[in-house]
Amino acid sequence: MGQWDYKNWLVKVELKEDLTDPQFYEYLSTHKQFTLKEYRKFEKSLIRPLHNDKAEKILRFFLDYHNGELYPDRYNYFEPVNKVFTEDMLSDFIDCLCQPAGGVSLKKLRKYEVDIENKQFAICFTDNIYAPPTVSPPENLTLITMWFDKKKVKDCSTLFGLADDMVAALGAVKGAVIDQEDLHAVYECPIPE
């Protein structure tokens with residue numbers, strides 16, 4: 001399995017919610033222009049760990065689903081997903097998701113890999129001066145993508161219930177099971193009104 005070989009089933013779920021901690025928006029609303037040095041000073045002043053109830057709910061979904069069926073073995077903030085997962089680090093994972101453009105990757109060995117992404121724009125600088133985004137953010141600001149190896153999960157219909165459960169539990173606005181080889185949706189979740 002691996003997201004790089006394209007022989008996988010994807011479970012993709014999108015949420016409208018922005019996972020970014022409000023402290024970032026408070027700073028951006030009062031500081032239209034700032035230097036990288038000023039921003040680093042702001043980052044040190046943040047009340048840590050950052051928190052967002054939706055970010056915690058998403059992570060807890062993977063810990064609690066069907067009595068631990070999806071409980072991860074590994075995590076990282078980027079590839080490779082190779083650090084041993086411990087639940088006592090949950091506040092660190094939430095903190096990472098609450099940063100603009102933050103993300104966490106989880107893995108259950110021989111079962112799945114998942115990326116949870118905060119799609120809000122990162123804070124970027126040009127010549128050490130803040131460069132505000134020039135385009136609108138995406139409509140759905142949280143993206144969850146799970147990879148399941150086709151060799152291990154031969155019948156993708158077994159993933160339909162998981163996709164539906166994620167949509168219902170997390171209040172998602174879009175969910176699907178996708179064949180990564182040709183990117184066609186083999187199942188689209190009904191979205192509750």
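The values are calculated or read from the model by the stated rules, or taken from the named source; none is laboratory data. Quick caveat, the model's predicted, so the values are computed rather than measured. Here Cβ is always computed from backbone atoms with ideal geometry, including for glycine, and neighbour counts include all displayed protein chains. Keep in mind that these areas ignore ligands, DNA and RNA; they rest on the heavy atoms of the full protein, side chains included. Shrake-Rupley method; radii C 1.70, N 1.55, O 1.52, S 1.80 Å.
What full-extension length gain, to one decimal in nm, is calculated for ALA169 and ASP64 as 0.36 nm per residue of separation minus the Cα-Cα distance?
36.7 nm
Between the stretch 109-128 and the stretch 37-75, how far is it from one alpha carbon centroid to the other, in angstrom?
13
Restricting attention to the stretch 1-76, which chymotrypsin sites (Phe, Trp or Tyr not before Pro) occupy a DSSP loop and are surrounded by at most 11 other Cβ atoms within 10 Å?
TRP4
Which percent of the accessible heavy-atom area of the stretch 55-186 goes to carbon and sulfur, probe 1.4 angstrom?
Carbon and sulfur atoms account for 52 percent of the accessible area of the stretch 55-186.
So how much slack lies between SER91 and THR30, counting 0.36 nm per residue of separation and subtracting their Cα-Cα distance, in nm?
19.2 nm
Where does the Debye-calculated log10 I(q)/I(0) of the chain sit at q = 0.13, 0.14 Å⁻¹, using only Cα point scatterers of equal weight, no solvent?
Each listed q corresponds, in turn, to -0.73, -0.84.
Suppose only helical runs count, i.e. DSSP H with n ≥ 4. What mean residue ellipticity at 222 nm does that imply for the chain under -39500 (n - 2.57) per run, divided by all residues and rounded to the nearest 500 deg cm²/dmol?
So the helix-based figure for the chain works out to -7500 deg cm²/dmol.
Please report the accessible area of LYS174 (heavy atoms, 1.4 Å probe, ligands and nucleic acids excluded) in Å², nearest 10.
Looks like 110 Å² after rounding.
Using a Gaussian network for the chain with springs between C-alpha atoms less than 10 Å apart, which of these wobbles most: THR158, THR145, THR134?
Comparing THR158, THR145, THR134 in the GNM, the peak value goes to THR134.
Choose one answer from ASP164, ASP127, ASP92: the residue with the largest mean-square fluctuation in a GNM of the chain with alpha-carbon springs under 10 Å.
Answer for the Gaussian network model of the chain: ASP127.
For a label point 7 angstrom out from the Cα of LYS37 toward its Cβ, which stretches of the stretch 94-132 have the backbone nitrogen within less than 18 Å?
Only 125-131 fall inside the zone, counting backbone N under 18 Å.
Above 23 angstrom, tally the Cα pairs of the stretch 1-84 and express them as a % of all pairs, no decimals.
Within the stretch 1-84, distances greater than 23 Å cover 47 percent of Cα pairs.
Which pairs break 19 Å Cα to Cα here: LYS16/LYS174; LYS37/LYS119; LYS16/LYS44; LYS83/LYS150; LYS111/LYS150; LYS12/LYS111?
Violating the 19 Å Cα-Cα cut-off are LYS37/LYS119; LYS16/LYS44; LYS83/LYS150.
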